[in-house]
Amino acid sequence: MSHSIRPCPTLNRREFLRLAGIAGSAAVVASCTPGSSATQPPPTGNAEEPQPTDTPSSQAPAAEQITLSWWNQFFTPLCQELFPQIIQEFESQHPNIKVEYELSGGPPGGGEYIEVLLARIAAGNPPDTCTLWTPPSEFGARGALMAIDELMAGAAKAKPDAFYEKPLKSCQWKGKTYGLPASAGAGCIFFNKGLFEEKGISTKREDFPTTWEGLFDLCRKLTTVENGEVTLAGFVPWAQSWLRPVYAQNNGGQIFSADEGVYKINSSNNVEMLEHWLKYLDELYGGDIEAFNLISNWGGDVYPEGAFQLGKAAIDASGAWAPTDAQIPFEWEIAKFPVGPRGEKSHTGFWPNWWAMPKGVKFVNEAFLLTEHFCTDGWVYWYINGTMDTPAWKNIPPDIFCKAVEKTYGTERAIDFHKFFTEYLNDAAEMWTSPIENFANDTLGQTIDEVLHKAKTPEEALANAQELCQTKLQETLESL
Amino acid sequence: MSHSSTFTSRMTHLPRLRLTRKARETITGYLFVLPWLIALLVFIAYPMVASFYFSFTEYTMLKPPRFIGLDNFNTMFNKDPLYWKSVENTAYYAFFSVPLSIAIGLILALLLNQNVKGIGFYRTAFYLPGLVPAVASTLLWMVLLDPKLGLVNLTLRIFGIEGIGWLRSAAWSKPALILMALWGGSGSTMIIFLAALKEIPQSLVEAAMIDGANAWQRFWNVTIPLITPTILFNLIMGIIGSFQVFASAFVAGTGNTAGPLNSLLMYMLHLYRYAFRYYNMGYASAMALVMFLVLVVLTVALMRSSRYWVYYESDERN
């Protein structure tokens with residue numbers, strides 16, 4: 001009997017295409033299936049905040065090797081140089097902890113920082129610690145961040161009274177602390193000594209006006225108008241938006257009170273403040289805000305692109321970081337903010353870099369150690385070797401100063417600036433404490449814009465802003 | 001008879017599932033589009049349905065959404081003063097940018113529909129601005145439109161025109177945005193019109209010439225009717241695109257205000273702020289739903305109106 005040999009089955013084109021379609025679709029479906037590919041570990045813990053262990057932060061944690069992730073938005077060459085050193089110091093103190101981080105200006109993998117961070121918090125897969133350029137109070141109130149009061153109570157260095165009061169308050173909501181301020185670069189007046197000398201005005205710090213009227217009179221002397229155009233402005237009080245709470249408090253008013261949980265935008269103090277700003281516009285700067293804005297970049301701070309460095313403004317306001325960051329090319333001096341008719345004391349402002357631990361962090365104690373390090377010794381290291389961005393931590397060695405300032409301006413000036421800003425921080429205004437900080441800032445910006453455009457009177461505009469902000473605050477608080 | 005041989009015998013008598021050739025081809029086709037279908041469901045359909053649901057909720061992303069009915073819409077229409085400002089700004093932008101873009105695109109297409117040396121270079125040159133990313137082109141235009149040192153005002157000064165504030169002026173900021181859009185968007189409109197012009201049968205044009213029609217008469221009575229489908233397409237796409245303007249308004253807006261007196265507060269920018277600055281995803285979803293409905297209504301209205309002014313050659317033949 002012969003065996004019949006079955007011919008090998010041939011694959012025609014249709015069959016080939018059909019099989020290719022099946023294989024391709026199977027590959028796509030397989031790649032969409034979660035679980036088998038490398039993913040982040042699922043968040044531990046339940047919906048409640050993980051409770052810290054009893055291990056004090058001064059003791060070394062258990063020997064298990066832990067990797068912590070730190071997210072941030074830093075990217076400059078100086079950050080690339082100094083932050084690895086800060087991390088290295090932390091890792092040498094805690095050999096069982098490794099820190100994963102990037103200094104690319106955004107979250108790992110790209111994208112908009114806050115959007116990606118919130119998405120990861122919502123997904124229960126956040127980084128262990130993160131740097132925020134938005135106040136922790138806003139996120140903490142919404143339940144995005146861990147309260148760290150118990151951790152702070154047991155901390156070696158980051159105890160509550162170790163920080164300046166107002167910068168720490170920017171991390172708090174309803175009695176709980178949701179982050180730590182690493183820096184609290186204090187604000188102050190900067191003035192161009194050369195331009196003052198040209199007008200025969202004293203350049204001594206102690207001679208700088210201490211009242212709003214005094215500053216206005218000084219600006220009247222400084223402001224120069226040629227062919228109907230302002231060629232030199234004295235001071236533009238509305239230019240630096242972050243200092244609004246400072247100006248308000250320097251006139252005995254307030255924008256927002258965290259203790260009372262209310263906005264106070266339309267107080268008579270603030271109406272008076274805006275009327276005073278209108279006086280600058282109308283009596284010194286031609287009365288037309290759009291024409292005035294064409295002259296120079298008044299909001300450019302003391303940086304190279306701003307009116308101050310361009311020689312168009314004799315006086316500006318900025319923060320402690322400016323001398324090292326802005327590289328001002330002429331002789332300048334600093335002074336405290338003048339006080340309004342209803343103000344009693346000069347307050348300063350501050351603009352922190354905050355650190356926080358999102359909800360859902362896996363290694364709570366270790367993450368707090370890292371956060372504590374950044375906001376204490378770590379930031380002091382940055383302050384000495386990087387920019388003069390005043391630490392928010394009070395327990396710094398008394399004789400330190402920023403080396404970059406010393407290199408440019410000499411040791412005496414460096415010590416003087418250090419003393420000035422650290423002492424001034426004791427008189428900081430309340431700021432960055434609202435759970436609707438972004439909304440309020442945008443609304444206030446629009447309000448001031450309307451007043452300067454003469455679209456509304458200060459009273460009308462502030463009343464409108466008060467209603468919008470207070471309503472938004474109420475709605476937000478009801479939803480929390 | 002052994003058990004195995006009974007089993008084998010039964011197996012050989014099982015009815016064999018036979019698919020028709022058409023069925024096999026259909027299944028193959030679906031298998032090939034399955035990746036796209038999955039992407040459509042996951043990245044388009046699901047987000048749309050989710051957004052529809054979120055528009056009736058209070059949702060911060062950090063807590064589960066809480067159903068609040070029509071509260072978001074009530075806030076939008078009655079309590080948010082900037083909502084109507086954003087609608088006004090967007091309507092202004094769309095009203096001017098869309099017709100201008102179509103007109104400029106058509107003019108460029110007519111000019112580039114010539115058989116001259118180097119025409120390929122010119123077509124490329126006019127199309128290239130459309131390839132520049134929105135952020136980059138906005139930054140470029142912010143330099144060009146600088147009131148003091150920008151090239152645009154320096155050129156206008158030659159003609160005695162002074163002091164246009166452009167992005168620093170409440171009156172001129174939207175025209176500035178429209179200018180940016182025309183520079184970037186006319187190229188793609190031009191390409192589409194060019195393709196349509198190429199399709200016009202030369203015999204019709206020649207017949208019109210023989211009948212004594214001048215250039216304008218040929219353009220108005222032959223060219224325009226034959227490209228009305230393309231005009232309709234560009235009109236619909238232009239309206240949809242103009243309503244969604246975001247990047248240029250976002251980049252060109254200054255500080256906490258979206259331009260002087262909120263003159264650059266476009267609808268999508270207002271939506272973005274509520275979603276990602278104020279953490280109010282529910283309200284932002286409600287805004288997105290309203291925009292979607294408005295665009296659907298406008299598109300349907302345009303399509304319905306097309307029966308009166310759009311000429312399809314296939315209709316003629318039928």
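Coordinate-derived values only; no laboratory data. Just so it is clear, the model here is predicted, and its values are computed rather than measured. We place every Cβ from the backbone using ideal geometry, glycine too, and count neighbours over all the protein chains shown.
Could you tell me which of rounded, prolate or oblate describes segment B:199-318, using a ≥ b ≥ c as the square roots of the eigenvalues of the alpha-carbon gyration tensor, with rounded for a/c under 1.5 and, failing that, prolate when a/b is larger than b/c and oblate otherwise? Walk me through the numbers before you get to the answer.
Values: a/c = 4.96, a/b = 2.45, b/c = 2.02.
Note, shape of segment B:199-318 comes out prolate.
I want the local charge near A:GLU138. Using Cβ-Cβ distances under 11 Å, sum +1 for each Lys or Arg and -1 for each Asp or Glu among the other residues.
Charge balance near A:GLU138 sits at +1.
List every DSSP H helix in chain B whose Cα atoms extend 24 Å or more along the helix's own long axis and whose mean Kyte-Doolittle hydropathy is at least -1.0.
B:21-40, B:81-112, B:173-198, B:224-243, B:281-309
With r as the distance between the Cβ atoms of A:TRP133 and A:PHE16 and R0 = 45 Å, compute the FRET efficiency 1/(1 + (r/R0)^6) and round to 0.05.
Using R0 = 45 Å, I get an efficiency of 0.20.
Identify the residues of segment A:107-133 with backbone N under 18 Å of a label point that sits 7 angstrom from the Cα of B:LYS63 along the Cα-to-Cβ direction, or state none.
What the label zone holds, given the 18 Å backbone N cut-off, is A:118-119, A:121-124.
Can you tell me which aspartates and glutamates have their Cα less than 14 Å from the Cα of B:LYS174? Leave out same-chain residues fewer than eight positions away.
B:GLU88
Under 8 Å for C-alpha pairs, at least 6 residues apart: give me the relative contact order for chain A, rounded to a whole percent. Provide the component values of the computation, followed by the final result.
Numbers: 817 pairs, mean separation 109.1, N = 480.
The normalised contact order for chain A reaches 23 percent.
Run the simple label-point estimate for A:GLU423 and A:LYS159 please: 7 Å along Cα→C-beta, distance reported in nm.
2.6 nm
Which trypsin sites (Lys or Arg not before Pro) in segment B:132-205 sit in a loop by DSSP (not H, G, I, E or B) and have at most 16 other Cβ atoms within 10 Å of their own Cβ?
B:LYS148
Please arrange B:ILE239, A:ILE334, B:ILE158 by how many other C-beta atoms lie within 10 Å of their C-beta, fewest to most.
Ascending number of Cβ neighbours within 10 Å: B:ILE158, B:ILE239, A:ILE334.
How many nm is it between the label spots at A:GLU100 and B:VAL116, if each spot is 7 Å from the Cα in line with the beta carbon?
If labels sit at A:GLU100 and B:VAL116, their model points lie 6.0 nm apart.
Rounded to the nearest 0.05, what FRET efficiency is calculated for A:GLU283 and A:LYS204 with R0 set to 22 Å and r the Cβ-Cβ distance?
Plugging the Cβ-Cβ distance into 1/(1 + (r/R0)^6) gives 0.25.
Between A:GLU89 and B:VAL135, what FRET efficiency comes out of the Förster formula 1/(1 + (r/R0)^6) with R0 = 35 Å and r the beta carbon distance, rounded to 0.05?
The pair B:VAL135/A:GLU89 has a calculated efficiency of 0.40.
For chain B, what does the alpha-carbon gyration tensor say about shape, rounded, prolate or oblate, given a ≥ b ≥ c as the root eigenvalues, a/c under 1.5 as rounded, and a/b over b/c as prolate?
oblate
Lysines near B:LYS117 by alpha-carbon distance under 19 Å, same-chain residues fewer than 8 away left out - which ones?
Within the straight-line limit of under 19 Å, B:LYS117 reaches these lysines: B:LYS198.
Can you give the charge dipole size of segment B:81-317 about its Cα centre, rounded to the nearest 20 debye, using +1 on the beta carbon of Lys and Arg and -1 on the beta carbon of Asp and Glu?
580 debye
Could you work out how much longer the chain between B:ILE38 and B:GLN217 gets when fully extended? Use 0.36 nm per residue separation minus the Cα distance between them, nm to one decimal.
Fully extending the segment from B:ILE38 to B:GLN217 adds 59.3 nm.
Take every DSSP beta bridge with both residues inside the protein assembly as shown and express the antiparallel ones as a percent of the total, to the nearest 5.
75 percent
State which entries of A:LYS264/A:LYS336; A:LYS193/A:LYS312; A:LYS174/A:LYS359 exceed 22 angstrom in Cα-Cα distance in the structure shown.
Values: A:LYS264/A:LYS336 24 Å; A:LYS193/A:LYS312 13 Å; A:LYS174/A:LYS359 17 Å.
From the list (A:LYS264/A:LYS336; A:LYS193/A:LYS312; A:LYS174/A:LYS359), the Cα-Cα distance tops 22 Å for A:LYS264/A:LYS336.
Straight-line reach from B:LYS63: which aspartates and glutamates fall under 20 Å, measuring Cα to Cα and dropping same-chain residues less than 8 apart?
A:GLU48, A:GLU49, A:GLU115, A:ASP128, A:GLU138, A:GLU437, A:GLU475, A:GLU478, B:ASP71
Run the numbers for B:LEU302 and B:TYR46: contour at 0.36 nm per residue of separation, minus the present Cα-Cα distance, in nm.
Using 0.36 nm per residue and subtracting the Cα-Cα distance, I get 89.4 nm.
Over chain B, what is the relative contact order in percent, taking alpha-carbon pairs closer than 8 angstrom and at least six residues apart? Show your work: numbers first, answer last.
Numbers: 317 pairs, mean separation 86.0, N = 318.
Once divided by the residue count of chain B, the mean separation gives 27 percent.
Among rounded, prolate and oblate, which fits chain A when a ≥ b ≥ c are the square roots of the eigenvalues of its C-alpha gyration tensor, a/c under 1.5 means rounded, and a/b larger than b/c means prolate?
Cα axes put chain A in the prolate bin.
In a shell of Cβ-Cβ distance under 11 Å around A:VAL230, excluding A:VAL230 itself, what net charge do Lys and Arg (+1) and Asp and Glu (-1) give?
-2
Quick check: pseudo-label points 7 Å beyond the Cα along Cα→Cβ at A:SER241 and B:GLU162, how many nm apart are they?
So the two model labels end up 3.1 nm from each other.
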